[in-house]
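Working notes, structure below.
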Amino acid sequence: MQLDLKETLKLAEIWAKEVGEIHLSYFRGNNLDIHTKSNVYDVVTRADKESEAFLLSQIGECFPDHAILGEETGEHAGVAGYRWVIDPLDGTNNFSQGLPIFTVSIGLQYEGMTVLGVVYAPCQKEMYSAVRGEGAYMNGKKIHVSVKEDLSHSVLATGFPYDKGVNPDNNIANIVAILPYLRGIRRMGTAAYDLCCTAAGWLDGYWELNLNLWDMCAGALIVEEAGGKVIHFRTDRGISIIAGNSTLVERIREKIR
Ligand code: IPD
Ligand code: CA
Ligand code: CA
């Protein structure tokens, strides 16, 4: 059955707000139950797990035949061609430190193509959303990527992979190569929010290497629907992307690898 994506978006936004309430109920509290995952820098909290469990139960109830890929529980098979791609808490390092920049990211793919994306930042109360072909919005207002075309006027965001301590291919060389040309650089700690800020023009662009699909599925659609471009600039290091307007994406690409 083909979904009514606008109706589905409303549902996803409701779920995202409820997940935001879960985040806030733990934020800066003493009940986080912090554990490490792939290595000592990669942490997970009770809020990540509870948020994922909530989304799995909502999606399972509304769309029992849809597949789901969730960061904390992996792949859940489905039969309808639809797959939800969820990061229940993007920015767990910030969250666990008490830094108020983190999000929940919910993407929906049909036959492998992202058709809907929602990213909610509970501390900012910012809901970013897009349906393919219908534009991108923040709290109901249409958003558009920055029009800046040169690096010297641009503020970009990036991030560093969790294997940065053992793999010299850790984005430091890129920072060294590009920083002198930029007005500024930020490391906000949530890829989904980096992409949404790029979509809204608060950031002029963003790049990162070695992401997972759940980090960028929703945010990439939001950038594209905001008139921007998202390119995969290499294929040997997880999902490695550059986002921004198409001219700036090329300028960034010339400086990094
Ligand atoms: C991380 C954040 C961070 C990015 C990492 C991601 P998590 O996601 O998006 O900004 O630099 O690559 O893994 O672990 O907080 O969900
Ligand atoms: Ca993430
Ligand atoms: Ca996460």
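For the chain, set up a GNM with springs between Cα atoms under 10 Å and report which of ASP150, ASP236, ASP65 has the largest fluctuation.
ASP236
How many nm separate the modelled label positions at ILE14 and ASP33, each set 7 Å beyond the Cα in the direction of the Cβ?
Simple spin-label model gives 2.7 nm for this pair.
What is the distance, in nm, between label points placed 7 Å from the Cα along the Cα-to-Cβ direction at ASP236 and at ASP4?
5.0 nm
Hydropathy at least -0.5 by Kyte-Doolittle, axial extent at least 27 angstrom from the Cα trace: which helices of the chain, defined as entire DSSP H runs, fit?
The qualifying helices are 5-26.
Would you calculate the convex hull of the Cα atoms in segment 151-227 and tell me its volume per residue in Å³? Intermediate results must be reported in sequence, preceding the final value.
Details: hull volume 6.4 nm³, N = 77.
Here the figure is 83 Å³ per residue.
Which translational diffusion coefficient, to the nearest whole µm²/s, is obtained for segment 184-257 from the Stokes-Einstein equation, given a Kirkwood hydrodynamic radius over C-alpha pairs, 10 °C and 1.306 mPa s? Numbers along the way, then the final one.
Details: Rh = 11.9 Å.
Taking Rh from Cα pairs, D becomes 133 µm²/s.
Hey, could you pull the Cα Rg and Dmax for segment 48-135, both in Å?
That works out to 13.5, 40 Å for Rg and Dmax.
Accessible area of segment 1-54 with a 1.4 Å probe: how many percent of it is carbon plus sulfur?
Carbon-and-sulfur percentage of accessible area, whole number: 52.
Based on the Cβ-Cβ distance from ASN93 to ARG253, what FRET efficiency comes out when R0 is 25 Å, to the nearest 0.05?
0.35
Show me, bin by bin at 5 Å from 0, the whole-percent P(r) of segment 61-200 based on Cα pairs.
2, 9, 14, 17, 18, 18, 13, 6, 2, 1, 0
Within the chain, what's the longest run with no GluC sites (Glu not before Pro) in a DSSP loop and at most 16 other beta-carbon atoms within 10 Å? Give the range, please.
Result, exposed sites excluded: 1-110.
For segment 200-243, would you read off the P(r) tail past 16 Å as a percentage of all alpha carbon pairs?
Tail fraction, whole percent: 31.
Which whole-number value in Å² is the accessible area per residue of the chain, probe 1.4 Å?
Result: 44 Å² per residue.
Kirkwood Rh, Cα Rg: Rg to Rh for segment 17-59?
Values: Rg = 11.2 Å, Rh = 11.0 Å.
Ratio of gyration radius to Kirkwood radius for segment 17-59: 1.01.
Any idea what % of Cα-Cα pairs in segment 1-147 are farther than 18 Å? Walk me through the numbers before you get to the answer.
Working: 6011 of 10731 pairs.
The share of Cα pairs beyond 18 Å in segment 1-147 comes to 56 percent.
Return the FRET efficiency for the residue pair ARG187, ASP65: r is the Cβ-Cβ distance, R0 is 25 Å, and the value is rounded to the nearest 0.05.
Numbers: r = 40 Å, r/R0 = 1.59.
About 0.05, to the nearest 0.05.
Running Debye on the chain with equal point scatterers at the Cα sites and no solvent, what base-10 log of I(q)/I(0) appears at q = 0.18 Å⁻¹?
Values, matching the q order: -1.46.
The values are calculated or read from the model by the stated rules, or taken from the named source; none is laboratory data. No experiment lies behind these values; they were computed from the predicted model shown. Using ideal geometry, Cβ is built from the backbone for each residue, glycine included, and neighbour counts are taken over all protein chains shown. With ligands, DNA and RNA removed, areas are computed over all heavy atoms of the protein, side chains included. Shrake-Rupley method; radii C 1.70, N 1.55, O 1.52, S 1.80 Å.
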